[in-house]
Each structure stands twice: as structure tokens, then as C-alpha cells.
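> Have a look at the structure that comes next, please.
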Amino acid sequence: MSRINPNRPSKKPATPSSAAPNEARQSSGQPSRPHVPDNLFDLTGRVAIVTGASRGLGQYFARALARAGADLVLTSRKRPDQNNDLALFEKEIRSLGRRAASLELDVRDQRSIEKFAAAAENVYGHLDILVNNAGCNVRKPALEVTWDDWNLILDTNLRGSFFVAQAVARRMIPRGYGRIINIGSVTSVAGYAGLGPYGASRGGIRQLTMSLADDWGKHGITVNCLAPGWFRTAQNNVMYEDKEWVKYLVERIPLKRPGQPNDLDGAIVFLASEASRYVTGQTLLVDGGISTGAMRALRKTT
């Protein structure tokens, strides 16, 4: 099921219809040169999918893309008519002047993924951007992690991301264009006690990103990983209620504060836009510098 605003047509990119959107036609026998738009960050005419958009960072990603001009496909595990949070957010996206469609997607179910991908393409006729955001976490000491905990986290975060990317890439390849942004984490590059399965899933996302970039680059598709640091979300809200823990965290962040969701706006638009057309297979950490392993190497003198 989807809901779109039929009264808001989307302006098409100024590119030849039979060529990839990031290329301009050249004379026969000559290599194509990248088409460089006036505004490298303009997403007008693009269609962006954001999975897991009924709450949390997914909504911030979708909002940033909409403000840059993209029309949106939003997903959640619940049917759109049963998810009031997603319905309200879809209305917000439309208030920004963009089209929006809400679709059901369970990333742990392959049939759901295939059904979703076909429906998403049917809504707008093409798919340009995928933000692979749907994920989950279970915080436990390693000795307490159960078989089911492990499967839930890895099946959602890693297996789900791969098969969603695969289903969407199949629809991007014929057009010779695509931007796939896998959402990782600072745990993609650093280990933290109590986050064993989650860190394994996010480390896998980083490796998967590099592999898919190599697989699909020849089709004009870039694949990158956006890795947030410590941001307050519904998943980890209980941690931020502990003032001592927040103080401990901030001491280890060079910029001396946890991330705010809007700190990710520029990064998501960059990776979705023509500004990043020669960037692929990379992990972009937006973490205030905590991944540097920051610690005092000198005595505190003030």
C-alpha cells in the first residue's frame, strides 16, 4: 500500500533521457564526460528510499533529502495504514513540497523485500537513491547474548541491508545510475563492550559496502557507508539519562559533545548527490572525532 500526492509533479533532471543521469552525450566513439549540474547538492527529480523511517535517524535522513529536492519512499515494518508515526511523517515531507509514498517492508523477510522493491519502482517509475537505515540493537554483556539475540541483530542489520540493496540495485542498473548509502556506525571501526553482535553487523556493513562498490561501479552506482558516532536515539535513550556516562562519553569526543541528528544532514545529502559522484566504497564517519581513539597523553594542567 502506498500514498502519494498526485498533485505534486517532480521536475525531471536536465539530462538526456536515454543516458545515465550523471553523463552527457558525446560524439560517437568518444568517452562520456560527467554532467556537472549548477548545484552539486540539488536532488530535484531524484527518488530516494529511506528504510526504517517511522522514527529515529531515518526521519532526519529523509527530511534532509527532501529539503535538497528529492521525492521520498518511506518504509516501516507495519503497514502504512497501521503506523501513525509514519503517516504523520509522510504528511510532514509533503509539507516541504515533495512527494512521499509509504510502503511496508520487513527486511528480515525476502518476499517482503521483493514486494517492496517492485512497489517502490512502480510509484515513481524509477529509483535513484537508497538509504539502508533499518536496524536494531540488543545491549548485553557478551556472556548473556542469546542465539536469538544474535540472529535478530545480524539478520536485520547485515543480511537485510544486503538484500534490500540487491533488490534496489537490480532496478538501478538498467538506468546506469544509483546512490546506495548503507548506514553503519562508529562500531564499524571500533569495539565496545556490550555491543558484540551489533558491532559485528556494522563492521560487516563496512566490508559489504566496499564489495558492492566494486560489483556495481561499472553500472554507474556508488555505494558508501555513513557511520554516525554517538547520537541520542530511541534505541539508546536510556544511556543518555545517566549523567555520569554522558560525562564519560563527552570526555572522549574531541568536539566535546554527543552528536545532534542534524549533524548528519550534510553527509547524507553529499553521498546522495552529484557532489560525491567519484566517491564509492568509502565509510564516512560523522562522530565528533571519537574514532580517533582520543585520550589525554599529557597531564591535565588547567
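> Does I173 satisfy the condition of being surrounded by fewer than 16 Cβ atoms within 10 Å (Cβ to Cβ), in contact with a helix residue (DSSP H, G or I) (Cβ under 6 Å, 6 or more places away or on another chain) and either polar (S, T, N, Q) or not in a loop (DSSP other than H, G, I, E, B) (or both)?
yes
> Another question about this same structure. Condition first: modelled with pLDDT of 95 or more, out of contact with any helix residue (DSSP H, G or I) (no Cβ under 6 Å at 6 or more places or on another chain), within 22 Å of T187 (Cβ to Cβ) and not hydrophobic (A, V, I, L, M, F, W, C). Can you find one or more residues in region 274-287 that meet it?
Scanning region 274-287, I find at least one residue that is modelled with pLDDT of 95 or more, out of contact with any helix residue (DSSP H, G or I) (no Cβ under 6 Å at 6 or more places or on another chain), within 22 Å of T187 (Cβ to Cβ) and not hydrophobic (A, V, I, L, M, F, W, C), so the answer is yes.
> Which condition number in (1) at pLDDT below 90; (2) out of contact with any Pro (no Cβ under 8 Å at 6 or more places or on another chain); (3) farther than 22 Å from I153 by Cβ; (4) small (G, A, S) is the one that A294 fails?
Status for A294: all satisfied but (2).
> State all residues of region 97-114 that are within 20 Å of the chain's Cα centre (by Cα) and open to solvent by 10 Å² or more (accessible area, probe 1.4 Å); if no residue qualifies, say none.
R98, R99, E104, D106, V107, R108, D109, Q110, S112, E114
> Also: Tell me which residues, restricted to region 214-246, are at pLDDT 95 or above and exposed (fewer than 15 other Cβ atoms within 10 Å of the Cβ).
D214, D215, G217, K218
> Of (1) in contact with an Asp or Glu (Cβ under 8 Å, 6 or more places away or on another chain); (2) open to solvent by 20 Å² or more (accessible area, probe 1.4 Å), I253 satisfies all except one. Which?
Among (1) in contact with an Asp or Glu (Cβ under 8 Å, 6 or more places away or on another chain); (2) open to solvent by 20 Å² or more (accessible area, probe 1.4 Å), the lone unmet condition for I253 is (2).
> Quick one: which helices (runs of 4 or more DSSP H) lie wholly within region 184-252 and hold at least 2 residues that are basic (K, R) and free of Cβ contacts under 8 Å to residues at least 40 places away in the same chain?
Ranges flagged: 243-251.
> Any residue at all in region 84-95 that's in a loop (DSSP other than H, G, I, E, B) and either free of Cβ contacts under 8 Å to residues at least 40 places away in the same chain or open to solvent by less than 40 Å² (accessible area, probe 1.4 Å) (or both)?
Taking every residue of region 84-95 in turn, none turns out to be in a loop (DSSP other than H, G, I, E, B) and either free of Cβ contacts under 8 Å to residues at least 40 places away in the same chain or open to solvent by less than 40 Å² (accessible area, probe 1.4 Å) (or both).
> Let me ask something else about it. If the Cβ limit is 6 Å and pairs must be 6+ apart or interchain, which residue in region 126-151 that is in contact (Cβ under 8 Å) with a residue 40 or more places away in the chain and closer than 26 Å to G178 by Cβ pairs with which residue that is aliphatic (A, V, I, L, M) and part of a loop (DSSP other than H, G, I, E, B)?
That search, which allows pairs on different chains as well, returns A134/V107.
> Of everything in region 47-56, what is open to solvent by 10 Å² or more (accessible area, probe 1.4 Å) and in contact with a strand residue (DSSP E or B) (Cβ under 6 Å, 6 or more places away or on another chain)? Give them in sequence order.
The one that is open to solvent by 10 Å² or more (accessible area, probe 1.4 Å) and in contact with a strand residue (DSSP E or B) (Cβ under 6 Å, 6 or more places away or on another chain): S54.
The values are calculated or read from the model by the stated rules, or taken from the named source; none is laboratory data. Source: prediction; values computed, not measured. No Cβ is skipped: glycine too gets one built from the backbone with ideal geometry, and neighbour counts run over all protein chains shown. With ligands, DNA and RNA removed, areas are computed over all heavy atoms of the protein, side chains included. Shrake-Rupley method; radii C 1.70, N 1.55, O 1.52, S 1.80 Å.
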